[in-house]
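Worksheet: the structure to be examined is printed underneath.
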Amino acid sequence: MIDWIAYAWLIPVFPFLAFVLIGLLPKRTLGWEDGGGYAVAGAAGALVLSMLVIWDVLNGQTLTHDAPRSTWLIIGDFRIEFGIWVDQLTAVMLVVISVVGTLVVIYSGGYMHEEGVGRRRYYAEIMLFISVMYGLVIADNYLQMFIFWELVGLCSYLLIGFWYEKPSAASAAKRAFIVTRVGDIMLMAGLIILFKYVGTLDFAVLFGQGAGSIVSRGEIPQDMLTLATALIFGGAIGKSAQFPLHEWLPDAMEGPTTVSALIHAATMVKAGVYLTARTYPLLVQTPESLLFVAIIGGVTALIAATCALAANDIKRVLAYSTVSQLGYMILALGAGGYLVIHAHEAGGYAAAMFHLMNHGFFKALLFLCAGSVIHSVGTNDMRSMGGLRGKMPITSITMLIGSVAIAGIPPLSGFWSKDEVLAAVYEGGEFDPVFFALWAMGVATAFLTAFYMFRMWFMTFAGAPRSEVHAHESPKIMTVPLMILAGLALVSGFALFVGEGFMGFIERSIEDLPVTPLHESLTDIAVRIFTDPLTYVSLVLAVAGILLAYRVYYLPGFDRSVFAVGVRGKLQRALENRWYISQFYDDFAVKVWYGFALVADWFDIYVIDGIVNGFAYLGANMGATIRKAQSGNVQRYASLIILGIVVLLVFILYVLPWGGW
Amino acid sequence: MAVWNYLDGFFPQLLLIAFALVMPAIDYVVKDKRVLAWASLVPLLVLAALFTEWLFIGGWEPPASDIALLEVSMFSGLFVLVFVFVGIVVVLGSPEFIKADKNQGEYYALILLAITGMTVVAEAADLIALFVGLEIAGISSFALSGFRKTEKRSAEAATKYFIVGGFSSALTLFAISLIYGVAGTTQIVGIEPVLAGYVSGTEPIDAGPVLVLATVLLMAGFGFKIAMVPFHMWAPDVYEGAPTPISGLLAAASKKMGFAAFFKVFLIGLILTKTDWDIAVGALAIITMTVGNLIAVSQTNMKRLLAYSSIAQAGYVLIALPVATQYAVAGGMFHILTHAFMKSGAFMVVAAMGAVAVGEKLDDFKGLNRRSPFLALSMTLFLLSLAGIPPLAGFASKFVLFSSSVYASFEPGQGWLIWLAIAGVLNSALSLYYYARVIKYMYMEKGTGDSVKIPPMMAVAVGFAVLMVVGIGLFPDPFVSACRDAAEAFSGLAPGWR
């Protein structure tokens, strides 16, 4: 019996090898799809090993505090070591990355087929991304995690700007990179605070509860821990596109749709949620940070959902939807922390990770469906789609499954996890009434989600075609991944009832915290869900949202021009302009930062360049003289040596004593 | 019998000299001149294997020297290893470069003799041995720079190098005689006890000013070897004019020999009068790195750019002297080690481009990625490593070096040392500007010309350097501990780590 978990470090190696091979092999040996074959092999190798590792985790093995580590550098008591950390939380991330990653790479075989020579770069970058994403989730200390955190950001930048010759893509890539960098700086500041006080960034030490938490051991003052955790969460705000840094994600849709599905829906944007969940042992020591987390999550969920209402670009609808759902996860983590502190329950934490997994599947599905539609129609604009149901049967049905799942209709996956999220937030209201307000926002979001998703589906697939395009169903290599993901969206919610149940499983990753295991049997969970009136509140609202969309966007005879006048018109325009947030940033940038940039530019041109040019002038002039007269110059070199000696002597014998040294 | 016992301690030097002497004979006999390169690789590979085994694995140990002139220690061992590795890279890169030249036997013989001189400096326990070593290496290098005597540039470089080199040798010798006058000994370890007498006042004579003069003259003499500002003027001209592999030897090995001498004399012999020289050396370190980087920005010839970059790198290593802890020496040696690979590798890329007639101007690097992806990728790695980008070797060694001065600055009265680290970090940022420009040229700019085929031996030389730059960057720990062990030779210094 092989201990697969000990080989978890090999998981990122497969895609990395594929990256190296695709990057370095001569062009004629790249084979299928200019490197696509290597990419599929790399992703599949990682998938198989991930599954074996997850199997070990399911059987109760983990690799945490006592994991073997390798040394990077030791100087005295300063040590930097790297290691592997695999627990239940890691396992959930591994499931999403490996399954979605592999399916997306296979799907790319069809979607990127027309790219020609660009495919090599595409596959190389996708493989690098998958590799470093694995690296991120198996890191056993914050430094190692931060390195991979930056690398996934780099890959995201490269892939958003894949069509870099398009100015909008190039600027979206830059924007995504710079905005997430704001979060990265906060994360780095938080880590520096932790390091300054505790002297290490190893999870094993920071989270160690054996000799008490790091606060109770007196290693870090309470207020500093609050600051550090809030800053670390700042990293999540950037990476997971939370308010107020959420605007980069809709812009990131400039990249290929496969990239949006993999990086900007299923994996990288989850890194922020993962970071917050990973930091849980620290977060639950600071209620202030938890409240901050919850409020950011709740506000993001609602604002992003409203922005999705008026978007006409199919990918932007999905992007705002992603932001909104990430808000749900963050909200659940914030509320869940309160539950851990006050009720010693892990419900909110488990709900967040459950939603993360389910969302990974159905949102990747939705994006790939959108990709299939775009591939066939050649536009992102839903206003020129319509009536595609008959021409693209598989895509339309799988996308319907995805939409029903995200809308939260039982028995599809979104229902179960969204319900758990809302239940945890409502329960948090017992300890701080703010959570009641956040719950109300969450429920409103559920209504809006159902509405905009079906608005999208009806606009795309129902009714009569609104433009002259010869749509056709996508090839099998694209539809088969869709069907697999649709199957997962149908059943992944039942993970709640398999084995020990998802909640009981994920809970074990924070069992060191004062958490009493849920003593619910699996039937109890089902009974609790279906006897709770709150379940029906969100369910009824979701159905109402679908019906409203049906009325407005499907049944004929509804005059949508009412949205364009009066107060409703103002609201409509505000939504179309994303609440003017983006505009605010642009104005702010233009008016304030441009002024600052002018000053910096002046300084750069006249002071820094002046110095550089001065030296350059000196160097170049001397060079010119040297070539003209050799003998003179050797004398000059020698005299400079003498001059140097004299200056040094004067400096040591007279200047230093005079200066009091 | 007795003679052989004495010679035991000279084992590495004797091996190198023996091969150097037969090289012209082989040249006379064989037609295929590549045999010369293979033959000169033999002693280098043997020494590399033996010293690697000694320092990293354990087993073989070099014979101890019975005479007081040389002293074999981990410190000298590490330097010998650096010289030998650079020698291997240079020899591998040479056959294609000089294939059309005459007198190739002398060329390889001189390389081996230069390395012999360097090993003598590394092992020297006496100022006289040190001086002899400097001269053996120096004179061989003068001849090597002028190897293409019919080429104007090469001859000019050799002449300049010779004149300025002779001048600085004279300064060094004068300094040694002054030290002998003050201390009554030329043994490096023997200087300190005498100085202790002056410091404590038991010796009546005030030798202060004479000693300061000697110190400054040594700074000038060694500063010439390491191209410390203002004793650096020769370096860009010579690197540009010399055959490119030889530029690599000068930048990556000869310069390190200067550091070996600097460390020994200043941190063992003159450590008691450290307050006389530490601020001056610290200031020169900052000036050297800044001037090197600033002038490098405006260079259009790749060899000159690398020359100024080496001047800047010497400024970084100089930090170790005023910090003067074992940690700092370890950091300095580690940076010397990594710099040897990245700089010799970068010069070999330039040499390879010269060998296949691409050219060595900055403009010739335009579009290199299309012409030779291997050279472009290797050069990118060397340059990023020089700039100190993780996870490459240059980052690891700069990290150890700069952090040593940060740690030392926590000691009372040593607060100013932190400025050395700050200057180093700012300079690294500045240097990225001109390194990144080369990378941009190679990948983003359109160039002319078809793809080129790199001679296999050069590819091996470049590939070996790449392997070391990446390998040391990913797994620095064994190298750092080797440097730490070596730094323990400086038993008079505080450890510097907690």
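The values are calculated or read from the model by the stated rules, or taken from the named source; none is laboratory data. Quick caveat, the model's predicted, so the values are computed rather than measured. For neighbour counting, all protein chains shown are included, and Cβ atoms are generated from backbone atoms with ideal geometry for every residue, glycine included. Note: areas computed on protein heavy atoms with side chains; ligands, DNA, RNA excluded. Shrake-Rupley method; radii C 1.70, N 1.55, O 1.52, S 1.80 Å.
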**Item:** From B:49, B:125, residue being open to solvent by 10 Å² or more (accessible area, probe 1.4 Å), at pLDDT 90 or above and either hydroxyl-bearing (Ser, Thr, Tyr) or touching a Leu at 6+ places or on another chain (Cβ under 7 Å) (or both)
**Value:** B:125
**Asked** From the list B:221, B:138, B:133, which residue is surrounded by 20 or more Cβ atoms within 10 Å (Cβ to Cβ), assigned to a helix (DSSP H, G or I), within 11 Å of another protein chain (Cβ to nearest Cβ) and at pLDDT 90 or above?
**Response** B:221
**Asked** Does residue A:377 count as assigned by TED's automatic domain parsing to the domain that holds residue A:269, among the β-branched types (Val, Ile, Thr) and within 28 Å of residue A:502 (Cα to Cα)?
**Response** no
**Request:** Hey, can you tell me all the residues within segment B:3-33 that are of a type in the set (Gly, Ala, Ser) and out of contact with any Gly (no Cβ under 8 Å at 6 or more places or on another chain)?
**Result:** B:9, B:18, B:20
**Request:** May I ask you to verify whether residue B:177 is modelled with pLDDT of 90 or more and away from chain A (no Cβ under 14 Å)?
**Result:** yes
**Fill in**
Result of the Cβ filter at 7 Å on segment B:267-280, keeping first residues that are within 14 Å of chain A (Cβ to nearest Cβ) and β-branched (Val, Ile, Thr) and partners that are assigned to a helix (DSSP H, G or I) and surrounded by fewer than 19 Cβ atoms within 10 Å (Cβ to Cβ), at least 6 apart or interchain, is B:279/A:656
**Prompt:** How many residues does segment A:461-514 hold that are farther than 30 Å from residue A:33 by Cα and touching a residue at least 24 places away in the same chain (Cβ under 8 Å)?
**Reply:** 28
**Asked** With respect to residue B:472, is the statement that it is within 14 Å of chain A (Cβ to nearest Cβ), of a type in the set (Val, Ile, Thr), open to solvent by less than 30 Å² (accessible area, probe 1.4 Å) and out of contact with any Lys or Arg (no Cβ under 8 Å at 6 or more places or on another chain) true?
**Response** yes
**Message:** Within segment A:247-326, considering only helices (runs of 4 or more DSSP H) that don't extend past its boundaries, which have at least 3 residues that are farther than 22 Å from residue A:584 by Cβ and out of contact with any strand residue (DSSP E or B) (no Cβ under 7 Å at 6 or more places or on another chain)?
**Reply:** A:257-261, A:270-278, A:280-283, A:287-309
**Request:** Evaluate the following for residue A:20: is it at pLDDT 80 or above and more than 14 Å from chain B (Cβ to nearest Cβ)?
**Result:** no
**Request:** For residues that are part of a loop (DSSP other than H, G, I, E, B) and farther than 28 Å from residue A:511 by Cα, scanning just segment A:62-93, find the one that is farthest from the other protein chains (Cβ to nearest Cβ).
**Result:** A:77
**Item:** Yes/no for residue B:403 being buried (at least 24 other Cβ atoms within 10 Å of the Cβ) and not basic (Lys, Arg)
**Value:** no
**Request:** Please determine, by comparing only the residues of segment B:200-218 that are more than 9 Å from chain A (Cβ to nearest Cβ) and surrounded by 14 or more Cβ atoms within 10 Å (Cβ to Cβ), which one is modelled with the lowest pLDDT.
**Result:** B:203
**Request:** Search segment B:6-31 for residues being open to solvent by 70 Å² or more (accessible area, probe 1.4 Å) and charged (D, E, K, R), and hand back the single one that is nearest to residue B:479 (Cα to Cα).
**Result:** B:8
**Message:** Are there helices (runs of 4 or more DSSP H) fully within segment A:367-479 with at least 3 residues that are basic (Lys, Arg)? List them.
**Reply:** none
**Asked** Given the residues A:535, A:523, which is the only one that is assigned to a helix (DSSP H, G or I), of a type in the set (Ser, Thr, Tyr), over 19 Å from residue A:358 (Cβ atoms) and out of contact with any Ser or Thr (no Cβ under 8 Å at 6 or more places or on another chain)?
**Response** A:523
**Asked** Exactly one of (1) outside any loop (DSSP other than H, G, I, E, B); (2) open to solvent by 50 Å² or more (accessible area, probe 1.4 Å); (3) closer than 30 Å to residue A:26 by Cα is unmet by residue A:171. Its number?
**Response** (3)
**Message:** Please go through segment B:378-410 and give me each residue that is part of a helix (DSSP H, G or I), within 10 Å of chain A (Cβ to nearest Cβ) and either of a type outside the set (Ser, Thr, Tyr) or closer than 21 Å to residue B:475 by Cβ (or both), ordered by number.
**Reply:** B:396, B:399, B:400, B:403, B:404
